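To start, the structure under review is shown below, and the notes come after it.
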Amino acid sequence: MSEATESAAGYRDAELLPGTRRALTHRVATEQSQGRAPSVVGALVRDGRMVWSGSASMVEGHEPDADTQYRIGSITKSFVAVLVMRLAEEGLVGLTDPVGAHLTDLRVPEVTVGQLLAHTSGLASETPSPWWERTPGTVRPELADVLGADPVRHPAGRRFHYSNPGYALLGALVEAKRGLPWHEALREEVLEPLGMRRTTREPQAPAAGGFAVHPWADVMVPEAVQQTGRMAPAGELWSTAADLSRWAAFLAGGQDGVLPATAVERMRESAAPIDPTAPDNGYGLGLQLLRSGGRSLAGHTGSMPGFLAAIWVSVADGLGAVAFANSTSGSAIGGFAADLLAIAADAEPRFPTPWRPADRLDPALLELAGPWYWGTSAFALRVSADGELSLARIGQAGRQGTRFHVEQDGTWTGHDGYYGGETLRVVRREDGSVSHLDLGSFMFTREPYDETAPIPGGFQGWNQGLSAGE
């Protein structure tokens, strides 16, 4: 084994370096002190497992640990979204289905399942009064009570508008399809398979108490805990740093039997228009998206009276971070969790996967490698060891490259970038030689405006053009 390979293997297997651990512990202490929270907890996940956790408390010697429950608020939505995605994977619902096709007596039957997941349904942010987070669920026993008489604020599909009642509808959708309460479906289908036995609808000891800290004085009072009934899918769950570390690993890679990696990847993709006032923030299918410190993060933040929580994953870095505080406000919890992830990523950057040649490449694929021209613009097509293709512009700024994966019919589908979702086909001449590549009707040829290719609109040939000065 080479020295470089040993180093990479050591990174994956070893605990964090002492300097990294101290920096993380210092960040936790700073958050508790400056955020004026009774307690805070942080945890870091690397390559699928929790490698560090730390906490700070107002009472020395009574710090919580990774098994202490906190209420996680809207992180609950990511769990509900996975349940809905499971229904979609099974063909029981479609993301483009109107929710009214599955739930009756709604005032918004035309809103789609996907729009509810991505907060593009146009529904109101909150329920009618009184404030749902601070009143028992018996106040609004039916979905009609959650929506109110006039629940629409924007045309469906036009803009991102965060909607807590929208997730009440999704929880009801899960119950309608599974025939049992959403949280029981969650326990059976998701939590137990992932080993998340400390994630529950109601608190189970040891659990932190929630507090409101006065914004201008160093005093605090306990917050009441409400069971929110129909609104529970929007923010009811309690969890621990250890359990949410397992959730971070799942959000980064999926798990067979729960939700495959391809479906989780789809959840992490942007599904809502970007708010121009917050261009670094986005939303996928049940997951918040954040651009922070040059990194693309996916996860969710959450708050309920007395509690703040956040979880982020960076797939590129192989890292995830979890953060809790038991105060109603004061801590910028999303930034706190992002800082924990950045500390580890900057101090101990991930080793790249070693390059290895292919054991064997299909000669037909190897024939495609090299330069191609879209009109007069030069592109390079590369073939990886696993038979995947990538196409990127050569030597000038412009559209980013696109990766392609092979389909059963011999075509390739764009995985990302400008050509994401588009089909790449190889067009051959009668003698079997390659004429050109067809990519969403764009023609790529081996030479700029190759005279042997059927260029749309006609091409007279480079020697037929006007000479200089004419």
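In the range 176-183, the condition of being part of a loop (DSSP other than H, G, I, E, B) and either modelled with pLDDT under 95 or farther than 24 Å from Ala309 by Cβ (or both) is met by at least one residue. Is it the case that some residue within the range 157-165 is touching a helix residue (DSSP H, G or I) at 6+ places or on another chain (Cβ under 7 Å) and at pLDDT 95 or above? Yes, the conditions are met somewhere in the range 157-165. How many of the residues in the range 285-318 are among the acidic types (Asp, Glu) and at pLDDT below 95? Count: 0.
For the range 276-299, check the following and say yes or no: at least one residue is in a loop (DSSP other than H, G, I, E, B), of a type in the set (Gly, Ala, Ser) and closer than 30 Å to Gly137 by Cα. Yes - at least one qualifying residue is present in the range 276-299.
Sub-8 Å Cβ pairs linking a first residue in the range 53-73 that is at positive phi to a second residue that is in a strand (DSSP E or B) and of a type outside the set (S, T, N, Q), at least 6 apart or interchain, are Gly73/Gly302; Gly73/Met304; Gly73/Phe307; Gly73/Leu308; Gly73/Ala309, ordered by first then second residue. The set of residues in the range 414-444 that are over 15 Å from Arg393 (Cβ atoms), surrounded by 15 or more Cβ atoms within 10 Å (Cβ to Cβ) and of a type outside the set (Asp, Glu) comprises His415, Thr423, Leu424, Val426, Val434, Ser435, His436, Met443.
Can you confirm whether Ser331 is in contact with a Lys or Arg (Cβ under 6 Å, 6 or more places away or on another chain) and hydroxyl-bearing (Ser, Thr, Tyr)? No, not satisfied. Mind checking whether some residue in the range 147-160 is surrounded by fewer than 21 Cβ atoms within 10 Å (Cβ to Cβ) and more than 27 Å from Asp275 (Cβ to Cβ)? Yes: the range 147-160 contains one or more residues that are surrounded by fewer than 21 Cβ atoms within 10 Å (Cβ to Cβ) and more than 27 Å from Asp275 (Cβ to Cβ). Scan the range 65-94 residue by residue and report those that are in contact with a strand residue (DSSP E or B) (Cβ under 7 Å, 6 or more places away or on another chain), of a type in the set (A, V, I, L, M) and closer than 17 Å to Ala271 by Cβ. Those that are in contact with a strand residue (DSSP E or B) (Cβ under 7 Å, 6 or more places away or on another chain), of a type in the set (A, V, I, L, M) and closer than 17 Å to Ala271 by Cβ: Val82, Met85.
Given the criteria modelled with pLDDT of 95 or more, under 15 Å from Met85 (Cβ atoms) and in the same structural domain as Gly335 (by TED's automatic domain parsing), does Gly254 qualify? Before you say what the answer is, go through the steps one by one.
On the way: modelled with pLDDT of 95 or more: yes; under 15 Å from Met85 (Cβ atoms): yes; in the same structural domain as Gly335 (by TED's automatic domain parsing): yes.
So Gly254 fits the description; yes.
Has the range 240-252 got at least one residue that is more than 25 Å from Gly54 (Cα to Cα) and more than 19 Å from the chain's Cα centre (by Cα)? The answer is no, given that none of the residues of the range 240-252 is more than 25 Å from Gly54 (Cα to Cα) and more than 19 Å from the chain's Cα centre (by Cα). Of the residues making up the range 89-113, just one is in a helix (DSSP H, G or I), touching a residue at least 60 places away in the same chain (Cβ under 8 Å) and surrounded by fewer than 20 Cβ atoms within 10 Å (Cβ to Cβ), namely Glu89.
The values are calculated or read from the model by the stated rules, or taken from the named source; none is laboratory data. Since the structure is predicted, the reported quantities are computational estimates derived from the model, not experimental observations. Cβ atoms come from the backbone with ideal geometry, glycine included; neighbour counts cover every protein chain shown.
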